[in-house]
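Just below is one structure, and these are the notes that go with it.
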Amino acid sequence: MKIVPVTEADHPRLVEIWEASVRATHDFLTEADIQVLKPLILHEYLRAVDLVGCEDESGLIGFMGTRGRRVEMLFIAPERFGRGAGRALVEHAVAALGCDEVDVNEQNPKAVGFYRRVGFRVVARSPRDGQGKPFPLLHMKTGDEAGKS
């Protein structure tokens, strides 16, 4: 596995990974929610972040978007869960990009557990997501500022 740059030509594959990952982990989203988000991911959200991918011999298996010190998105193909791609991307974000913050859907316990395992701690909670929907967010940090929550 290696961390690689991604280009706009990779965006359709990133959306495939996003959709498969969301269907495997975001049980709280309806089909309508996914269909509303899908074009936003492709046409807006991927363009709003700095992207890197993780690939193995089969090609891209995951990706991460960052902005400033924040991991804004991290998605791994479900068949690759638990094999180190997410950890590799987060370690790259922290070590190479200086990222130390992430927001995680509280209703996605696998993601919350993953970020805890890679050194993040909950520092705050919001009752709604960035779109104002009732999907609570846990605000997580790593490093000394994260405290012991």
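Bear in mind these aren't lab numbers, they're just calculated from the coordinates by the rules spelled out. Model, not experiment: these values are computed from the prediction. Positions of Cβ are backbone-derived with ideal geometry, glycine not excepted, and every protein chain shown enters the neighbour counts.
Observations, loosely collected:
- MRE, 222 nm, helices only [DSSP H, n ≥ 4, -39500 (n - 2.57), over the chain, to nearest 500]: -9500 deg cm²/dmol
- Label sites at Ala96 and Val4, each approximated as a point 7 angstrom past Cα along Cα to Cβ, lie 1.3 nm apart.
- Asp129/Glu31 FRET efficiency (R0 25 Å; Cβ-Cβ; nearest 0.05): 0.90
- Converting phi to 3J(HN,Hα) with the Karplus coefficients 6.51, -1.76 and 1.60 and the offset θ = phi - 60°, the range 4-10 yields 9, x, 10, 10, 4, 5, 7 Hz in sequence order, with x at every glycine or proline.
- Length gained on full extension, Ala48 to Arg87, computed as 0.36 nm times the residue gap minus the Cα-Cα distance: 11.8 nm.
- Reducing the range 53-69 and the range 5-23 to their Cα centroids gives an inter-centroid distance of 9 Å.
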